[in-house]
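Trainee: My questions all concern the structure below.
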Amino acid sequence: EEKAAQLSLTSKYKSEFLANMSHELRTPLNSLLLLAQQLAENPQSHLDPKEVEFAKTIHGSGNDLLSLINEILDLSKIESGTVTLDLSAVPFTTVRDQTERTFHHVAQSRGLGFEISLARDLPPTIITDEKRLLQVMKNLLSNAFKFTEKGQVAVHVDRAVTGWSKDNT
């Protein structure tokens, strides 16, 4: 019992540390993102096209880092049991369009095909936490692109017919 209590306390401290560290990392990162975006917009045309591209790369990489920090914070919330879901009706077309926007350039840069298709008999929406669903999609597709050397990455969204039951909701 004493070991279990120590493990529980250690886990609690770790989760608190991750939450605090995530918060502390976001503050300077948000400043960096804002400045990189301003440079990329180049309102006074002081930067040459290559420098603008560098600023866009810094901004994009900063956004990726911010996403990773948010995922770490989410994991610490899950571990500590404090995660809350924000359920709403999310259109399947919204998920498809956002995912396509996120990965279209990845597919092009890797010379791969990329397709997301929706089954015709899907309802218009799914009740879910949109942020978490997009996070799962991003993780799955990031791995798919990482490990696909040629051909294409394809996602087909359809109704589940096996492997689940309505009692599992």
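The values are calculated or read from the model by the stated rules, or taken from the named source; none is laboratory data. Every value quoted in this text rests on a predicted model; they were computed, and no experiment measured them. In this analysis, Cβ positions are derived from the backbone assuming ideal geometry, glycine residues included, and neighbour counts consider all displayed protein chains. Note: accessible area is taken over every heavy atom of the protein model, side chains too, but ligands, DNA and RNA are not part of it. Shrake-Rupley method; radii C 1.70, N 1.55, O 1.52, S 1.80 Å.
Trainee: Residue by residue through region 88-98, note down the ones that are loosely packed, with under 14 Cβ neighbours inside 10 Å, touching a strand residue (DSSP E or B) at 6+ places or on another chain (Cβ under 6 Å) and closer than 27 Å to Ile72 by Cβ.
Mentor: Across region 88-98, there are no qualifying residues.
Trainee: Of all residues in region 4-20, count the ones that are in contact (Cβ under 8 Å) with a residue 40 or more places away in the chain and open to solvent by less than 80 Å² (accessible area, probe 1.4 Å).
Mentor: Result for region 4-20: 4.
Trainee: Could you tell me whether Thr84 is without any contact (Cβ under 8 Å) to a residue 24 or more places away in the chain, among the polar types (S, T, N, Q) and not in a loop (DSSP other than H, G, I, E, B)? If you could, list the steps in order and put the result at the bottom.
Mentor: Details: without any contact (Cβ under 8 Å) to a residue 24 or more places away in the chain: yes; among the polar types (S, T, N, Q): yes; not in a loop (DSSP other than H, G, I, E, B): no.
When the stated conditions are applied, Thr84 does not pass them.
Trainee: Among (1) at pLDDT 90 or above; (2) hydroxyl-bearing (Ser, Thr, Tyr); (3) within 19 Å of the chain's Cα centre (by Cα), which single condition is Thr102 missing?
Mentor: (1)
Trainee: Moving on to the next point. Restricting to region 110-128, name every residue that is farther than 15 Å from Thr93 by Cα and open to solvent by less than 60 Å² (accessible area, probe 1.4 Å). Reasoning before the result, please.
Mentor: Within region 110-128, the subset farther than 15 Å from Thr93 by Cα is 110-114.
Leu112, Gly113, Phe114 - these are the residues of region 110-128 that are farther than 15 Å from Thr93 by Cα and open to solvent by less than 60 Å² (accessible area, probe 1.4 Å).
Trainee: Within region 111-133, can one find any residue that is free of Cβ contacts under 8 Å to residues at least 12 places away in the same chain, in a helix (DSSP H, G or I) and under 30 Å from Leu34 (Cβ atoms)?
Mentor: no
Trainee: Further, regarding this structure: Among the residues of region 136-164 satisfying the criterion of being more than 14 Å from Val95 (Cβ to Cβ), assigned to a loop (DSSP other than H, G, I, E, B) and touching a residue at least 12 places away in the same chain (Cβ under 8 Å), which is least open to solvent (accessible area, probe 1.4 Å)?
Mentor: Thr148
Trainee: Can you name the residue in region 25-43 that is open to solvent by 90 Å² or more (accessible area, probe 1.4 Å) and of a type outside the set (S, T, N, Q) and is also farthest from Asn70 (Cα to Cα) among such residues?
Mentor: Let us first name the residues in region 25-43 that are open to solvent by 90 Å² or more (accessible area, probe 1.4 Å), namely 34-35, 38-39, 41, 43.
If we keep only those that are of a type outside the set (S, T, N, Q) as well, we get 34-35, 39, 41, 43.
Working: Leu34: 18, Leu35: 20, Leu39: 24, Glu41: 26, Pro43: 30 Å.
Step by step, filter region 25-43, then rank; the result is Pro43.
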